[in-house]
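The values are calculated or read from the model by the stated rules, or taken from the named source; none is laboratory data. Everything numeric in this text was worked out from a predicted model, so none of it was measured. Here Cβ is always computed from backbone atoms with ideal geometry, including for glycine, and neighbour counts include all displayed protein chains. Quick note on the areas: whole protein, heavy atoms, side chains included, nothing else; ligands and nucleic acids left out. Shrake-Rupley method; radii C 1.70, N 1.55, O 1.52, S 1.80 Å.
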Amino acid sequence: MSAYMLSVTIHVFAALFWLGGMFFFALIGAPVLRKVEPPALRARLFQELGTRFRDAGWIAIGILLVTGLTNLHFRGLLGMALSGSGDFWRSDYGTTLAWKLGAVGGMLVLQAVHDFRTGPAASRLEPGSSAALKARRAASLMARVSALLGVVVVITAVRLARGG
């Protein structure tokens, strides 16, 4: 297996892990946890699962960033992408890459706010209180928007794999 194929494979597995975990948590984990009683147990489970996935998720994000740059390098596109060449960014490939990078950037911002501000703040509130419920709704909205951006990332990744 070539170094490029190894990098692409690692990139795809890291994306599967990160996006798959987000979708699992949003579609399966959170709805099940919302039914757990008492509220203190529910809050503890949300916190423990969230913390564990946050740690593993940010490792996956680091891997995605490194392998994404590596993949552009192997394809001979990193220099063009970093140069800011208007010709590159106006091409079909450059435009699609810009959409992908924009969606990734949005996901990273939302994920950082969720993981390091909103989620921890919600876990410090009294379980079941109106403030805790409001904070959980905000965290849930961020996770949903991030997951939708994940769909954009997948669509653009498929387009890039097919030539832009």
Of all residues in region 121-142 being free of Cβ contacts under 8 Å to residues at least 24 places away in the same chain and under 18 Å from the mean Cα position of the chain (by Cα), the one that is least open to solvent (accessible area, probe 1.4 Å): A138
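Being crowded, with 17+ Cβ neighbours inside 10 Å and hydrophobic (A, V, I, L, M, F, W, C) is the filter here, so list the residues in region 85-100 that pass it. Lay out the reasoning, then the answer.
Quick first cut of region 85-100, residues crowded, with 17+ Cβ neighbours inside 10 Å only: 88, 93-94, 96-97, 100.
Matches in region 85-100: F88, L97.
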Of residues in region 29-67 being closer than 22 Å to T9 by Cβ and out of contact with any helix residue (DSSP H, G or I) (no Cβ under 8 Å at 6 or more places or on another chain), the one least open to solvent (accessible area, probe 1.4 Å): G62
Qualifying residues in region 35-76 (those that are assigned to a helix (DSSP H, G or I) and of a type in the set (D, E)) - the one nearest to V104 (Cα to Cα): D55
Which numbered condition G163 misses (of (1) modelled with pLDDT under 90; (2) buried (at least 16 other Cβ atoms within 10 Å of the Cβ); (3) of a type in the set (G, A, S)): (2)
Filter result (buried (at least 17 other Cβ atoms within 10 Å of the Cβ) and either among the small types (G, A, S) or outside any helix (DSSP H, G or I) (or both)) within region 1-20: S7, A14, A15
